[in-house]
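The values are calculated or read from the model by the stated rules, or taken from the named source; none is laboratory data. The shown structure was predicted, so the numbers you read here are calculated from the model rather than taken from an experiment. Here Cβ is always computed from backbone atoms with ideal geometry, including for glycine, and neighbour counts include all displayed protein chains.
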């Protein structure tokens, strides 16, 4: 099967993050088994989802990890011109949910397996497919832990998020939070009898925006976003509870520490009489690789586009780097198409991925 045929199969599995990815994982496992590739599955605690780890080539150190997530974002409330889970070609573009983000890369990897198997590899190629990337990268830490326990240390991990095949060496981290304010409900005819939870929540939202502007003025590359506010029960009731979902994206751990200190100060000021609880609900570490590093030059030699770029979105690369595996981001498609209705990937991008992965096979076959 070629890359397009495999992409057609993969997008037909509705692996929206709130659903199981097991049907897709089992199909991939059967496909790899048909090519005599050993596969490991690492399930979530509830058994509803699984990571997949497969190795083509010898069980030695110094291999390359090709990593991708299997989940996709929802299509709810989006207008699609065709079935989101059926691959449709129009004017050299393949449309479907996940075509760009990031089943196109996974399809190209699977299409390359027969050629890799025929090369008599001297270094291994590891395929690492994860679950729940879109909702907080919850699957990849478990995948990496299993990899470290069962696979000799790789030389490099390439995360195939859509960069139009340009090398991505850096991205900011992501820290998602839920802050809950608990006041005291009362009849709105006498608000003094109650304690509003929405008022301090609104103050926090405004002050997070102000903090973002202040840090930008000081030269910090940190952004903030409030994604959801939910509170109150009726127009004539003083709201007793309000929840704010918010996030910030720092370039490094030191910047993250600055934000935490400032947010603690803000919360103490905006809600002295209201109960406040803040919980971190997601963490994606930043990625920072060296432009002149061996792994960057290797990706360039394999055909990735140069010069490298700092990509604006978070990926699983930071987790691999934290685990001591040099990492970068490079994959087919444009992030501008990710999460959009009528998501698409160009045929030329899939061709570029095929050429890149053929280069990976040549590198592994030569033994470096």
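For (1) touching a residue at least 24 places away in the same chain (Cβ under 8 Å); (2) surrounded by 16 or more Cβ atoms within 10 Å (Cβ to Cβ); (3) farther than 27 Å from residue 307 by Cα; (4) within 16 Å of the chain's Cα centre (by Cα), each residue gets a yes or a no:
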{"residue": "101", "(1), (2), (3), (4)": "yes, yes, no, yes"}
{"residue": "115", "(1), (2), (3), (4)": "yes, no, yes, no"}
{"residue": "121", "(1), (2), (3), (4)": "yes, yes, yes, no"}
{"residue": "125", "(1), (2), (3), (4)": "yes, yes, no, no"}
{"residue": "128", "(1), (2), (3), (4)": "yes, yes, no, yes"}
{"residue": "131", "(1), (2), (3), (4)": "yes, yes, yes, yes"}
{"residue": "146", "(1), (2), (3), (4)": "yes, yes, yes, no"}
{"residue": "151", "(1), (2), (3), (4)": "yes, yes, yes, no"}
{"residue": "164", "(1), (2), (3), (4)": "yes, yes, no, no"}
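Within region 168-197, being within 12 Å of residue 231 (Cα to Cα) and crowded, with 20+ Cβ neighbours inside 10 Å holds for 179, 181, 183, 196, 197.
The set of residues in region 77-90 that are outside any strand (DSSP E or B) and at pLDDT 95 or above comprises 78, 79, 80, 81, 82, 83, 84, 85, 86, 87.
Note on region 44-66: among residues that are closer than 17 Å to residue 135 by Cβ and surrounded by 15 or more Cβ atoms within 10 Å (Cβ to Cβ), the one that is nearest to the chain's Cα centre (by Cα) is 51. Exactly one residue among 91, 76 is surrounded by fewer than 20 Cβ atoms within 10 Å (Cβ to Cβ), more than 23 Å from residue 14 (Cβ to Cβ) and free of Cβ contacts under 8 Å to residues at least 12 places away in the same chain, and that residue is 91.
Of all residues assigned to region 228-240, none qualifies as being surrounded by 15 or more Cβ atoms within 10 Å (Cβ to Cβ), within 16 Å of residue 174 (Cβ to Cβ) and not assigned by TED's automatic domain parsing to the domain that holds residue 135.
All conditions in (1) closer than 18 Å to residue 38 by Cβ; (2) touching a strand residue (DSSP E or B) at 6+ places or on another chain (Cβ under 8 Å); (3) at pLDDT below 95 hold for residue 121, with the sole exception of (3). Checked against the criterion of being in contact with a helix residue (DSSP H, G or I) (Cβ under 7 Å, 6 or more places away or on another chain), at pLDDT below 95 and outside any strand (DSSP E or B), region 215-226 contains one or more residues that satisfy it.
For every residue, the table says whether it meets (1) modelled with pLDDT of 95 or more; (2) surrounded by fewer than 16 Cβ atoms within 10 Å (Cβ to Cβ); (3) within 13 Å of the chain's Cα centre (by Cα); (4) farther than 20 Å from residue 109 by Cβ.
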{"position": "291", "(1), (2), (3), (4)": "no, yes, no, yes"}
{"position": "294", "(1), (2), (3), (4)": "no, yes, no, yes"}
{"position": "302", "(1), (2), (3), (4)": "no, no, no, no"}
{"position": "306", "(1), (2), (3), (4)": "no, yes, no, yes"}
{"position": "310", "(1), (2), (3), (4)": "no, yes, no, yes"}
{"position": "315", "(1), (2), (3), (4)": "yes, no, yes, no"}
{"position": "322", "(1), (2), (3), (4)": "no, yes, no, yes"}
{"position": "332", "(1), (2), (3), (4)": "yes, no, no, no"}
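With respect to the conditions (1) in the same structural domain as residue 199 (by TED's automatic domain parsing); (2) in contact with a strand residue (DSSP E or B) (Cβ under 9 Å, 6 or more places away or on another chain); (3) more than 14 Å from residue 208 (Cα to Cα); (4) assigned to a helix (DSSP H, G or I), residue 257 lacks only one, and its number is (2).
Within region 6-39, being free of Cβ contacts under 8 Å to residues at least 24 places away in the same chain, in a helix (DSSP H, G or I) and either over 21 Å from residue 116 (Cβ atoms) or not assigned by TED's automatic domain parsing to the domain that holds residue 88 (or both) holds for 23, 26.
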